[in-house]
Structures are given as C-alpha cells and as structure tokens.
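Reviewing the structure listed below.
The values are calculated or read from the model by the stated rules, or taken from the named source; none is laboratory data. Since we're looking at a predicted model, the values are computed, not measured. Backbone-built Cβ (ideal geometry, glycine too); neighbour counts: all protein chains shown. Please note that ligands, DNA and RNA were not included when accessible areas were found on the heavy atoms of the full protein model with its side chains. Shrake-Rupley method; radii C 1.70, N 1.55, O 1.52, S 1.80 Å.
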Amino acid sequence: MHILAMSGVPDEGMLDYALGLARGPRLLYVPTAAMEDAPSTVSWYERVRGRAEMTHLHFFPYPPGDIRELTLSHDVILVTGGNTANALWVWRAHGFDKVLREAWEDGVLLTGWSAGAICWFEAAVTDSFGPQLEGMRDGLGFLAGSACPHYDGEELRRLRYAELVADGFPGRLAIDDDAAVRFEGTEVAEVVTSRDGARAYRVTADGETPLHARRL
C-alpha cells in the first residue's frame, strides 16, 4: 500500500522516482481535477512514452462501464492538479472513491500532484473554493490528518495553514513544490526532493517541524 504525494507537477527526476515505485508499467492517468483537458492528456502520453503504458480515465460525458476492472488492471494511478473538491464530487458520484481504496489496498501506487497529492488525506488546504484558501474536511481519508501543497510556492499557504490549524483544523503535512512524501501504508516512509531547499514539514498547533528530505 503506497501513496506518493507530490506538491508540484513532477519534473523528469521526480517522475522517474514515482514510476520506479510502481509494481509494473501500466499507468492510469486521471485528470478529473483539471477538467479533463484533452491537449494535456495527449501531452502526458508523449511524456511517458517508453517509460510507462498509459491509459487515461475521463468521466465526461460519462465514465467507462468497466471502471473498476480498468482501474485494478493498472500499477499506478496518476491524479493531476486542479480543483480537488470538484474531482472528489465526480468520483463519489460514480463510485470511483471506493474503487481507489480497493486499488490502494491491492497494491496499486496512488500518486499525483497538488489536488492529486491532497485528495488522499482526511482534510486539506485547498483553493477549490477561491484564492483565499479554505480548509476542506471531506477528502478520501486514506491518510489521517491534512496536507497543504505549494507550501513555498504560494505566498498565502504557510500563513493560512497555520491559521487553520490554530483554529482546530487537523494538521499533518505541508509540502514544498518539487518535494514529495512517500507513504508505506499510512505512515511516512520518505521525503524526496528534486530541488535544493525544497522539503516537507510536520504541521501542528505548536508550529512546523521540517522533515529530512533526500535529494534525488
């Protein structure tokens, strides 16, 4: 049971690291949060050519009838950034949230960036409802606590996360851009980074604690 939560769009080093964690080459690309932008989907086919066997999953105008079989036939599920709340609503409407849990428990690597990093947690700091950033408490709940991406990449992130946690919002992890947190089961196994200075932090009401990060 593995989850890799990446803050920003992975560069080549981070992508190779992510693909190297999967049990096999079959990748399912899920861009629900990004409005299933067709050019982006095509670009990802080009990007992983020769490194993974990619299939995409679009929910518009409707998902495939074999969504469970399709998902479980893959080795890694890659979720894009975008609007986390919208993606979660669509997934739940079609039962994909339950399929994702089954895939995770079956050993499929779950990964993604931004929305694709925070959706796995119970809660998250998100711009799904506007640039002011809100605390969302209805994530998939595979991982306890909350997560905040783009911690060093967007000016309001650090301050807003601290405010929310001080006000009773569950804390857990903040992730800089170009950093990622790998989970084995529900516990942090490693923090990796593809940029000097990027890292992740444990965040509680008492403040933040930087976690050791390995440079790729």
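Worth a mention:
- Checking each residue in the range 198-216 for being touching a residue at least 24 places away in the same chain (Cβ under 8 Å), open to solvent by 60 Å² or more (accessible area, probe 1.4 Å) and touching a strand residue (DSSP E or B) at 6+ places or on another chain (Cβ under 6 Å) picks out Arg202, Glu208, Arg214, Leu216.
- Annotation note: of Val90, Val42, the sole residue that is farther than 23 Å from Glu154 by Cβ and more than 18 Å from the chain's Cα centre (by Cα) is Val42.
- Close pairs from the range 183-197: first among the aromatic types (Phe, Trp, Tyr), partner surrounded by 12 or more Cβ atoms within 10 Å (Cβ to Cβ) and assigned to a strand (DSSP E or B), Cβ under 6 Å, at least 6 apart: Phe183/Ile3
- From the options Phe169, Phe142, residue that is open to solvent by less than 50 Å² (accessible area, probe 1.4 Å), over 19 Å from the mean Cα position of the chain (by Cα) and closer than 25 Å to Arg101 by Cβ: Phe169
- Residue check for Gly65: open to solvent by 60 Å² or more (accessible area, probe 1.4 Å), farther than 29 Å from Glu12 by Cβ and not acidic (Asp, Glu): yes
- Any hit, the range 82-101, residues being in contact with a Pro (Cβ under 6 Å, 6 or more places away or on another chain) and open to solvent by 50 Å² or more (accessible area, probe 1.4 Å): yes
- Selection count, the range 126-141, where residues are under 30 Å from Glu105 (Cα atoms) and touching a Lys or Arg at 6+ places or on another chain (Cβ under 6 Å): 0
- Some residue of the range 36-50 being in contact (Cβ under 8 Å) with a residue 12 or more places away in the chain, out of contact with any Phe, Trp or Tyr (no Cβ under 9 Å at 6 or more places or on another chain) and under 24 Å from Thr193 (Cβ atoms): yes
- The range 1-43, subset modelled with pLDDT under 95 and touching a His at 6+ places or on another chain (Cβ under 9 Å), residue least open to solvent (accessible area, probe 1.4 Å): Gly8
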